[in-house]
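Peer 1: Got a structure for you, questions after.
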Amino acid sequence: MKNLGLILAAIALAFAVFSYTSQPKLAYVNSQDVISKYKGAKEANATLKAESEKWRGNVQILKSEVDSLTLIWNKENASWSKKKKTSFAQSAAKKQEELQRYSQAVQQKELQRQQELMNPIFADLNKYIEEYAKANGYDMVFGTMQGNIVYAADATDITKAIIKYVNEQY
């Protein structure tokens, strides 16, 4: 009977140890904070902003040309012949179409360039977060944006540690 009690105690102890050690170590990071504070992402965003400003400057030049044509039309068309009005209207319409096409091309180029710049950043961040998680014994790290996690203990938020780590790796 004594042996049975010892065996049951040993089984209970083993079960308790197994239950305690088998619980995964979980954490989360605020993905938006990590991205916005990562040096590589800041540089990529600065590059995109500079390129976008140049492209948008060209859009503004075209828009100014269209606006000028509109002003000329409004001011002078009353004295023009029908032929001149038709010719001018066609030229203005072509310029307006050019502006619209170029504006759309700029928007597409911005999206494409953003992906070109940010995809490697996301890959690096995922790699660095995985390295950090493995080095610190985490079984799973969740990436969250505002509101995705209803509740988590403060100790499970490793955002600041991740930001520090990824910037050291950069």
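The values are calculated or read from the model by the stated rules, or taken from the named source; none is laboratory data. In this text, all values refer to a predicted model and were calculated from it rather than measured experimentally. Ideal geometry is used to build each Cβ from the backbone, glycine not excepted, and the neighbour counts take in all protein chains shown. In case anyone asks, the SASA skips ligands and DNA or RNA and just uses the protein heavy atoms, side chains included. Shrake-Rupley method; radii C 1.70, N 1.55, O 1.52, S 1.80 Å.
Peer 1: Out of curiosity, is GLU76 farther than 24 Å from GLU51 by Cα, open to solvent by 50 Å² or more (accessible area, probe 1.4 Å) and either in a helix (DSSP H, G or I) or at pLDDT below 95 (or both)?
Peer 2: Details: farther than 24 Å from GLU51 by Cα: yes; open to solvent by 50 Å² or more (accessible area, probe 1.4 Å): yes; either in a helix (DSSP H, G or I) or at pLDDT below 95 (or both): yes.
Yes; evaluated as a whole, the condition is true for this residue.
Peer 1: I would also like to ask the following. Which pairs do you get when a residue that is within 13 Å of PRO24 (Cβ to Cβ), found in the range 131-145, comes within reach of a residue that is assigned to a strand (DSSP E or B), reach meaning Cβ atoms under 6 angstrom, with the pair 6+ apart or on two chains?
Peer 2: Partner pairs satisfying both residue conditions: ALA133/VAL141; TYR138/ALA27; MET140/LEU26; VAL141/ALA27; PHE142/TYR28.
Peer 1: Scan the range 48-90 for residues that are free of Cβ contacts under 8 Å to residues at least 24 places away in the same chain and either within 30 Å of ILE121 (Cα to Cα) or in contact with a Leu (Cβ under 7 Å, 6 or more places away or on another chain) (or both) and report the count.
Peer 2: 5
Peer 1: Can you find even one residue in the range 83-103 that is closer than 30 Å to ILE35 by Cβ and aliphatic (A, V, I, L, M)?
Peer 2: no
Peer 1: Taking the conditions exactly as written (open to solvent by less than 100 Å² (accessible area, probe 1.4 Å), more than 29 Å from the chain's Cα centre (by Cα) and not aromatic (Phe, Trp, Tyr)), does LEU69 satisfy them or not?
Peer 2: Considered against the rule, which asks whether it is open to solvent by less than 100 Å² (accessible area, probe 1.4 Å), more than 29 Å from the chain's Cα centre (by Cα) and not aromatic (Phe, Trp, Tyr), LEU69 comes out as yes.
Peer 1: Which of the residues spanning the range 79-90 are of a type in the set (Ser, Thr, Tyr) and surrounded by 12 or more Cβ atoms within 10 Å (Cβ to Cβ)?
Peer 2: SER87, the sole residue that qualifies.
Peer 1: Tell me which residues, restricted to the range 91-119, are open to solvent by 50 Å² or more (accessible area, probe 1.4 Å) and in contact (Cβ under 8 Å) with a residue 60 or more places away in the chain.
Peer 2: Scanning the range 91-119 gives ARG113, GLN114.
Peer 1: May I ask you to list the residues in the range 80-94 that are part of a helix (DSSP H, G or I) and either over 50 Å from the mean Cα position of the chain (by Cα) or of a type outside the set (D, E, K, R) (or both)?
Peer 2: Passing the criteria: LYS82, LYS83, LYS84, THR86, SER87, PHE88, ALA89, GLN90, SER91, ALA92, ALA93.
Peer 1: OK, next. So which residues in the range 134-163 are surrounded by 13 or more Cβ atoms within 10 Å (Cβ to Cβ) and not in a loop (DSSP other than H, G, I, E, B), if there are any at all?
Peer 2: Filtering the range 134-163 for residues surrounded by 13 or more Cβ atoms within 10 Å (Cβ to Cβ) gives 136, 138, 141-144, 149, 152, 156-163.
Hits for the range 134-163 are VAL141, PHE142, GLY143, THR144, THR156, ASP157, THR159, LYS160, ALA161, ILE162, ILE163.
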